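Structure record follows, encoded as C-alpha cells.
Values quoted throughout were computed directly from the atomic coordinates according to the rules given, and no laboratory measurement underlies them. Every value quoted in this text rests on a predicted model; they were computed, and no experiment measured them. With ideal geometry, Cβ positions are generated from the backbone for all residues, glycine too; neighbour counts draw on all protein chains shown.
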Amino acid sequence: MDFFESTMTVTEDKTAKAMGSGDLPVLATPAMIALMENAALHCIADELPEGITSVGTRMEVTHDRASAVGAVITARATLLEKTERSFTFRVEAFEGEVRIGAGTHTRATVNAERFLAKLKR
C-alpha cells in the first residue's frame, strides 16, 4: 500500500496538559506523533511476513497548529522509500482539510519474538 490514514478524536487524555508535554488543553504533540506512527505501521503491515513487525526508529516532525478537544485528526503516512530492513514515510496530520503537522518517519523491521526476548535478558 502506498499510503494509509488513521483517525482519532482529540479527547482530554490526548491533550498536552494531560500527557505532560504542555499545560494547555490542546492536542499533544506526542499524541499526534503516535497517530502518525500508527498510520505508518498499518501502511506496511500487509507486506510483512508472519512474525515480523516494524518499530519506529526516527521521527522528525513539526506541529504547526493547535487542535481543541473534540477535533477529528487524520494522520496520513505515505511510503517514500523501502530498503531491505527499513521503510521511510512522509507523515502528515490534518484537522479537516488543514494540515497541522508534517515530517518524516522511519521504521525498521524486527522479528517480534526475538525483539521481545532481548528485553528479558
Which ones in the stretch 83-119 are of a type in the set (Ser, Thr, Tyr) and either assigned to a strand (DSSP E or B) or in contact (Cβ under 8 Å) with a residue 60 or more places away in the chain (or both)?
-> Ser86, Thr88, Thr104, Thr106, Thr109
Inspect the stretch 63-73 for any residue being among the acidic types (Asp, Glu) and assigned to a strand (DSSP E or B) and give the result as yes or no.
-> no
Considering only the stretch 70-99, state which residues are within 14 Å of the chain's Cα centre (by Cα) and either over 21 Å from Pro49 (Cα atoms) or among the aliphatic types (A, V, I, L, M) (or both).
-> Ile73, Thr74, Ala75, Arg76, Ala77, Leu79, Arg90, Val91, Glu92, Ala93, Phe94
Determine if the stretch 98-117 includes at least one residue that is of a type in the set (S, T, N, Q), buried (at least 16 other Cβ atoms within 10 Å of the Cβ) and farther than 24 Å from Thr9 by Cα.
-> yes
From the option list Ala40, Ala68, single residue qualifying as closer than 14 Å to Ala108 by Cα, in contact (Cβ under 8 Å) with a residue 40 or more places away in the chain and touching a strand residue (DSSP E or B) at 6+ places or on another chain (Cβ under 9 Å) is Ala40
Filter the stretch 74-93 down to residues that are touching a strand residue (DSSP E or B) at 6+ places or on another chain (Cβ under 7 Å) and either farther than 13 Å from Val61 by Cβ or of a type in the set (S, T, N, Q) (or both), then give me how many there are.
-> 9
Matching residues, the stretch 1-33, being under 20 Å from Phe87 (Cα atoms) and surrounded by fewer than 18 Cβ atoms within 10 Å (Cβ to Cβ) = Met1, Asp2, Phe3, Glu5
Count - residues of the stretch 5-46 that are within 18 Å of the chain's Cα centre (by Cα) and either closer than 17 Å to Ala112 by Cα or in a helix (DSSP H, G or I) (or both) = 22
What do you reckon, is Gly56 without any contact (Cβ under 8 Å) to a residue 60 or more places away in the chain, outside any helix (DSSP H, G or I) and over 17 Å from the mean Cα position of the chain (by Cα)?
-> no
